[in-house]
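Asker: Let me begin by handing over the structure; questions about it come next.
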Amino acid sequence: MEHSNLSEILSGGREIELFGLADFQSDRSPGVFTPGQVLLAIDVRFLDARKCRRWVLEQLHKGGPACPICHQSAFNADNRNRFWSGLRLKCPSCGAWFSATSKTFVDGFSVSKKSEETDPNEKFAHIFLMALLLAAGVSNDKIAAALQCTPEKIRLWRNKFKYVNELSWVNSDDESV
């Protein structure tokens, strides 16, 4: 038996009361949405870029800030703030210039140079959203549309995350992407 609309599907059933959809038994279109529509609508504007930055950097540096060259970790407050803000800083020990993403697997990550130049935190929102959508099983084409980049870039990142998931030393409680 085929049904042509939501009210027909639910009419006569207790589901109407359970789901609070009684008001939708009219001729007008119901004001509902699906999880799939949410996935198609999401983009970086839905995320707090600063929270994304902090979360990503905390995952990359569980032991705290350190120089990727000499591994010096004794930073003054200004350098720690620069590090956790994703800004470049100079190592007080070896003199190397670096940022919190230097020599990490997200080093050089960029989706949109233009948006990242206006807000450096945007890069972290892109990383977070891409990882979220990859974990949700969204296709490369749809992720690329949400991030305004090429499906090929998403394919490369999908493979990179797959490789990271396969590393034996990665402490992971999550599902593989």
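Laboratory data are not the source of any read-out in this text; all were calculated from the coordinates shown. Note that this is a predicted model, so its numbers are computed, not measured. Here the Cβ is made from the backbone with ideal geometry for all residues, glycine too, and neighbour counts use every protein chain on show.
Asker: What percent of all Cα-Cα pairs in the range 27-75 falls in each 10 Å bin, counting up from 0?
Answerer: The distribution over the range 27-75 is 19, 27, 22, 15, 10, 5, 2, given as percents.
Asker: Same structure again: Take the cross-link list Lys123/Lys162; Lys90/Lys160; Lys90/Lys162 and give me the ones stretching past 24 Å between alpha-carbons.
Answerer: Lys90/Lys160; Lys90/Lys162
Asker: Right, another one. Hey, rough spin-label estimate for Ser102 and Asp119, points 7 angstrom out along Cα→Cβ, what's it come to in nanometres?
Answerer: 2.7 nm
Asker: So between Ser85 and Glu58, what do we pick up on full extension, going 0.36 nm a residue minus the alpha carbon distance? Each step should come with its number before you reach the end.
Answerer: Working: separation 27, 0.36 × 27 = 9.72 nm, distance 1.13 nm.
Between Ser85 and Glu58, full extension yields an extra 8.6 nm.
Asker: Let me ask something else. Translational diffusion coefficient of the range 62-146 at 25 °C, 0.890 mPa s, Stokes-Einstein with Kirkwood Rh over Cα pairs, in µm²/s as a whole number. Numbers along the way, then the final one.
Answerer: On the way: Rh = 14.4 Å.
Answer, rounded: 170 µm²/s.
Asker: Where Lys and Arg each count +1 and Asp and Glu each count -1, what net charge lies around Asp107 among other residues with Cβ under 13 Å from its Cβ? Can you show the working numbers first?
Answerer: Values: positive: Arg88, Lys103, Lys123, Lys160; negative: none.
Net local charge, Asp107 excluded: +4.
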